[in-house]
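*Asks:* Let me give you the structure first, and then I'll get to my questions.
Every read-out reported here was derived from the displayed coordinates using simple, explicitly stated rules and does not represent laboratory data. What you see is a predicted model; the values in this text were computed from it and never measured. Reconstructed Cβ throughout: ideal geometry from the backbone, glycine too, with neighbour counts over all protein chains shown.
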Amino acid sequence: MVPGNEGGQVKKKFVFVNLSINCGYNSGMNHGIAFLVPIVRRFGYDVVCLNIRKEIKPAAFLSMVKNADPSIVAFSCTSHQLKYLAKYSNSLAGSPGILQIAGGVGATLDNEWILRNTRVKGACIGEGDIPLEELLRNLQENKDYRDTQGFSWNVNGTIKKNPVPQFKNSFSEADLPDHSIFDKDVILSSNGTSIMLSRGCPYNCYYCCNAALSGVYPSPAGYFRTYSVDFSIRLIQNMIAKHPETNFIHFEDDLLIANKEWFLDFAREYAAKIGLPYRVCARVECVTKEIVGVLKESGCRLVFVGLESGDEPFRSRMLNRKYTNELFIEKCAIIKDAGLKLFTFNIVGFPEETAKEMANTFELNKSVVPHSGVCTFFYPYKYTQLHTICKERGLLKEDSQLVEITNYNTRPAIAMTASQEKECVHYQRKILNYLLRQNELTEIAELPSGLQKCNKAMRHWVKAFLRKSPLLDRAIRGTYANIKLKAARIICLSD
């Protein structure tokens, strides 16, 4: 039976559920869903997106879905959101007329867990453009949707794995992504909008899931793809036309500058036809004076660079990032000398990592003096090289424990002794606090002279002093809390 056809007529309503709850970053925009919306609409469906960024009760979620009255609910999630996928999928157990499917990185890496622990019937493996179109065609033609390529299915408790079709190579003829199903506050953050113009990454870092994602295809060669320059410019222009208040572009691609010739062509067109300031992610191997000059000329203001570990031998051996610390310092200097802001990505909590390696990460950050950055905990994504190492060495936590880790900022995600975990948390906070201080100093430096700048500078130095005196910090916070409590009581008594 075709889902939604119990009354003899298919309900042409489709609900995407974008799960990004307590995820540790501003992740309202789901670029994958935006590309799938035109495909779904071509089959005559009304499309709704439930963008769940804060945890809600299952009953509230069920009510939202019932109000939309769909025949298909498609969850999009990462591995960090499996806890919520199970909770909300299971809340729909009493709605047999709804076909539940899941997609995204979580569905690709954790499809068996999803099919065995939730009410989701089908998990899309890899990118959804081709599999979702085939699924909707099978439903339209009354064929068995469980034969759809690119999906694994739970068929009466048995997992049926269908072949995965090769990923899409060209997007020149594709419809532009449709972001209209997202709320305005998701599309615009401080008047900036997020955009992606590529898929995949040409590198194979052992902690990253990119290699695992490309490995699901018959041939992983060519998995890193950039949209044509013309398509990319039209995509950006379309977004700006619908949101003219956009004043900044956040390119969320893993490595937009990886294809040098493509980027040089794109930057020239971007400067001529868009002209808005933007930020990109980079790797030191791709950073040259020429590329940085083009970044600067075309409007780039901020460059995110992955350091991850500041210990050169450890970084090469365990992370497969094979560049020297000297090269990292040199390339960061090129970025900063051009007047661009530098943001560093850092990770602690890797298998075999000791205090020495984490201390070196802190020291290397101090050497390059970034304007800002972040430090997170390592997470063992399935089918990555480091997941295999963790499994071989007994460092993997139980699935029930990993499911509770909804982001990579919460706590270490592999098995450690109490002293190791304490050490890991110490360095994560130490590195992160340093980067937050750098961000505050950058913000202060950019303020015009005046009272606001003086006040912000004073608050920064007070916070910096208190960070070095945790006992005094706690005492002051305790006193402040007591004053607030007494004031509240006085107000209540006066009422």
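*Asks:* Hey, what number do you get for the chain at 222 nm if only DSSP H runs of n ≥ 4 count, each worth -39500 (n - 2.57), divided across all residues, to the nearest 500?
*Replies:* It lands at -14000 deg cm²/dmol.
*Asks:* Ranking Thr148, Thr246 by Cβ neighbours within 10 Å, fewest first, what do you get?
*Replies:* Result, fewest neighbours first: Thr246, Thr148.
*Asks:* On the Cα set of the chain, report Rg and Dmax in Å, please.
*Replies:* Cα only, the chain: 24.4, 74 Å (Rg, Dmax).
*Asks:* Right, next: Under the rule of at least 5 residues apart or a separate chain, name every residue whose amide H is placed under 5 Å from the amide H of Ile72.
*Replies:* Hits under the 5 Å cutoff: Lys13, Val15, Leu99.
*Asks:* Are any of the pairs Lys322/Lys422; Lys296/Lys430; Lys289/Lys341; Lys260/Lys331; Lys273/Lys341; Lys12/Lys184 more than 22 Å apart by Cα-Cα distance, and if so, which?
*Replies:* Lys322/Lys422; Lys296/Lys430; Lys273/Lys341; Lys12/Lys184
*Asks:* As an exercise, identify the trypsin sites (Lys or Arg not before Pro) in the stretch 27-71 lying in DSSP coil whose Cβ has no more than 12 other Cβ atoms within 10 Å.
*Replies:* Lys54
*Asks:* Distance in nm between label sites at Ile329 and Glu245, each 7 Å beyond Cα in the beta-carbon direction?
*Replies:* Computed distance between label sites Ile329 and Glu245 equals 4.6 nm.
*Asks:* Still on this model: Between Lys322 and Glu352, what length in nm is gained on full extension when 0.36 nm per residue of separation is reduced by their alpha carbon distance?
*Replies:* Working it through step by step, the gained length comes to 9.0 nm.
*Asks:* Oh, and also: Quick check: Cα centre of the stretch 317-346 to Cα centre of the stretch 384-411, how many Å?
*Replies:* 28 Å
*Asks:* Now for a separate question. Along the charge dipole of the stretch 190-446, which of Thr193, Ser316, Thr361 sits closest to the positive end, that is, farthest toward it, with unit charges on the beta carbon of Lys, Arg, Asp and Glu (+1, +1, -1, -1)?
*Replies:* Thr193
*Asks:* Here is a further query. Sum up the charges of everything whose Cβ sits under 12 Å from the Cβ of Glu252, counting Lys and Arg as +1 and Asp and Glu as -1, but leave Glu252 out.
*Replies:* Net charge in that neighbourhood comes out at 0.
*Asks:* Residues in the stretch 115-137 near a label at Lys168, defined as backbone nitrogen under 14 Å from the 7 Å Cα→Cβ point?
*Replies:* Backbone N within reach: 126-136.
*Asks:* How big is D, in µm² s⁻¹, for the stretch 324-386 by Stokes-Einstein at 25 °C and 0.890 mPa s if Rh is the Kirkwood radius over C-alpha pairs?
*Replies:* 187 µm²/s
*Asks:* Separate question: After finding the eigenvalues of the alpha carbon gyration tensor for the stretch 190-446, what semi-axes result from the square roots of 5 times each, listed largest first in whole Å? Spell out each step's value before the answer.
*Replies:* Working: eigenvalues 204, 99, 60 Å².
Those come to 32, 22, 17 Å.
*Asks:* Contour minus end-to-end for Lys161 and Ser419, with contour as 0.36 nm per residue of separation and end-to-end as the Cα-Cα distance?
*Replies:* Gain in length upon complete extension: 88.6 nm.
*Asks:* What are the GluC sites (Glu not before Pro) within the stretch 222-325 that DSSP puts in a loop, where the Cβ has at most 15 other Cβ atoms within 10 Å?
*Replies:* Values: sites: Glu245, Glu252, Glu261, Glu269, Glu285, Glu290, Glu297, Glu308; in loops: Glu245, Glu252.
Sparse-neighbourhood loop GluC sites (Glu not before Pro): Glu245.
*Asks:* Could you give the nm distance between label points at Val369 and Phe345, where each point is 7 Å from its Cα heading toward the beta carbon?
*Replies:* 2.6 nm
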